[in-house]
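Asks: Provided herewith is a single structure, encoded as structure tokens, for subsequent inquiry.
No value in this document is a laboratory result; all are computed from the given coordinates. Values in this document were obtained by computation on a predicted structure and should not be read as measured data. Cβ sites come from the backbone with ideal geometry, for glycine too, and all protein chains shown count toward neighbours.
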Amino acid sequence: MHTEHIGQQIRSVFTADLLRQFHGSGYPGVAPIFIVGLPRSGSTLVEQILASHSAVEATFELPEAGRLIRYIDRQRVGGKLYPAAIADFDPRRLIDLGQRYDQETRRFRTGAPRFIDKMPNNFATIGLLHLILPHARFINARRDPLDTCLSCYKQLFARGQSFTYDLLELGEYYLEYQRMMDHWHQVLPGRVLDVHYEDVVANLERETRRMLDFCGLPWEDACLRFHETERPVRTASSEQVRRPIYRDAVGFWRNYASHLEPLRETLRPLLNRQASRA
């Protein structure tokens, strides 16, 4: 599986030793909030809550991380491509990449102190983004794996996300996402906040306080009235985030349980792990 192979390469390069080696490097001039995860995992809801804060503006699902990787590949440091090339970088290159990210995203920003980059697939580039933007914060939007995969399968995305057209491929992709997030939690302890959709639905205020504290933002009641915030939303969840919190989507997969056995079998290791922690 190509995605798994790339994931293994990333994990072999972005080790705890390499991250310690470059600790404190990068460009400190901007502190974006990255919301990562799989599509249909509640990331737009998280974005809408945070974007209701007076110090935060939402942008879009920005493609800048992918562009930075292509830039790294063109440089061919040590004759290597990303991610292997990172091991031969020096702090000056990391600063340059951070400045490039800042400059390239300015056209999407209007000057608020903080801004959100909600490209879900950035879950694979957390190590790189952490190195080049040391003040960045990463929120991992989580949702029940079966609900997430079924919701992805039902959705016809405008572009990209080709892994969502087959339930078995969806399950394999979810497992690779989980392996990647397990890695970042191990090598970057405390730098990624997991926010579970089910917890947000059950206790909006508690989870909102967790997110604001993690991002170093003071409390604002407007975050609880996220559905009143007027801004463009260009994801499949655009209508849902105009409504107050509702519980209809929790456990939705059970309505289709008889059709999901192959997916459940693929996800069995993760589902068993979750059950043992419950």
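Asks: What list of ³J(HN,Hα) couplings, whole Hz, do you get for the stretch 24-38 from phi and the Karplus terms 6.51, -1.76, 1.60, once you set θ to phi - 60° and write x for glycine and proline?
Replies: x, 7, x, 9, x, x, 8, 10, x, 10, 8, 10, 10, x, 8
Asks: If one computes the Cα centroid of the stretch 181-199 and of the stretch 63-108, what distance in Å separates the two points?
Replies: Here the two parts' Cα centres lie 24 Å apart.
Asks: For the stretch 212-218, take each phi angle, set θ = phi - 60°, evaluate the Karplus expression 6.51 cos²θ - 1.76 cosθ + 1.60, and give the result in whole Hz per residue in order, putting x for glycine and proline.
Replies: For the stretch 212-218, the Karplus curve yields 5, 4, 4, 8, x, 10, x Hz.
Asks: Using the 10 angstrom Cβ neighbour count as an exposure proxy, how do Asp96, Asp88, Asp144 rank, fewest first? Mind dumping the intermediate values first?
Replies: On the way: Asp96 16, Asp88 11, Asp144 20.
Ascending number of Cβ neighbours within 10 Å: Asp88, Asp96, Asp144.
Asks: To continue, here is another question. Using helices alone, what [θ] at 222 nm do you get for the chain, with -39,500 (n - 2.57) per DSSP H run of 4 or more residues, divided over all residues and rounded to the nearest 500?
Replies: Working: 12 runs with 125 residues, N = 278.
Rounded to the nearest 500, it is -13500 deg cm²/dmol.
Asks: Using the Cα atoms of the stretch 1-142, I'd like the radius of gyration and the largest Cα-Cα distance, Dmax, both in angstrom.
Replies: 15.0, 45
Asks: Along the Cα-to-C-beta direction of Asp88, a point sits 7 Å from the Cα; which residues of the stretch 11-53 have their amide N less than 20 Å from that point?
Replies: In the stretch 11-53, the label zone of Asp88 (backbone N under 20 Å from the point 7 Å along Cα→Cβ) covers 11-15, 18-19, 21-22.
Asks: First obtain the Kirkwood hydrodynamic radius of the stretch 58-180 from its Cα pairs, then insert it into the Stokes-Einstein equation at 4 °C and 1.567 mPa s, and state the resulting D in µm² per second as a whole number. It would help to have the intermediate numbers written out before the result.
Replies: Numbers: Rh = 16.3 Å.
Answer, rounded: 79 µm²/s.
Asks: What spacing in nm lies between the two simple spin-label points modelled at Asp199 and Tyr256, each 7 Å away from Cα in the Cβ direction?
Replies: Label at Asp199, label at Tyr256, 2.7 nm between them.
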